[in-house]
Amino acid sequence: MKKAITAGHTYVALQTTIPRVTFEEVMESDQGVLRWVTILNQRGICIVEGLPLELGMGRKVCERISRSVIPTIYGFVDDVKSRPVPINAAYSTGELKLHQDLVYYSSPPGMQALFCLK
């Protein structure tokens, strides 16, 4: 276990790496899906590596664990890029630490998927 002190706050990192599965593993076998959802359940985060850079691939991989993938208030796709005048922290150049979005909604998302191109 590592401890870090930043600006008067203490953060405890239980593990320093984010677990990973591959796109092929998830798409080609139920065992791969089971491994992915087990990691998500235990750790709350997992990187799926190797998604093809084609529109709709993110939704396709998410549909392996849920047939009811629903859009956010921004739609199924929202390009999160830094902007000169950001509307929130996601669109700024600042670091985004792990967090949960939309917790103040009456029905916040059960899971959100982000797909990083760079």
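Bridges between two residues of the chain, per DSSP, are antiparallel at a rate of about 65%. Build a GNM of the chain with springs between Cα atoms under 10 Å apart, and of PRO108, PRO19, PRO71 the one that fluctuates most is PRO108. Of all segments of the chain bounded by GluC sites (Glu not before Pro) found in a DSSP loop with no more than 10 other C-beta atoms within 10 Å, the longest spans 1-53. Across the chain, the longest run free of exposed loop sites, meaning chymotrypsin sites (Phe, Trp or Tyr not before Pro) lying outside DSSP classes H, G, I, E and B with no more than 10 other Cβ atoms within 10 Å, spans 1-73.
Its alpha carbons give region 25-82 an Rg and a Dmax of 12.5, 37 Å.
As a test of reading the structure, rank VAL85, VAL103, VAL48 by solvent-accessible area (1.4 Å probe, protein chains only), most first. Walk me through the intermediate numbers first.
On the way: VAL85 120, VAL103 90, VAL48 30 Å².
If we order VAL85, VAL103, VAL48 from most to least accessible, we get VAL85, VAL103, VAL48.
Summarise the accessible area of the chain (1.4 Å probe, protein heavy atoms) by the percent that is carbon and sulfur. Let's see the in-between values first.
On the way: 5320 of 9620 Å².
On the chain, the fraction of accessible area on carbon and sulfur atoms equals 55 percent.
Taking one equal scatterer on every alpha-carbon of the chain, how large is log10 of I(q)/I(0) by Debye at q = 0.09, 0.19, 0.23 1/Å? For the requested q values the scattering log ratios are -0.31, -1.29, -1.50.
Charges only on Cβ, +1 for Lys and Arg, -1 for Asp and Glu: so what's the dipole of region 47-118 about the Cα centre, in debye to the nearest 20?
Working: 8 positive and 7 negative charges, 13 e Å.
With Lys and Arg at +1 and Asp and Glu at -1, about 60 debye.
The values are calculated or read from the model by the stated rules, or taken from the named source; none is laboratory data. Keep in mind the model is a prediction, meaning the values are calculated, not measured. Neighbour counts run over all protein chains shown; Cβ positions are idealised from the backbone, glycine included. Note: areas computed on protein heavy atoms with side chains; ligands, DNA, RNA excluded. Shrake-Rupley method; radii C 1.70, N 1.55, O 1.52, S 1.80 Å.
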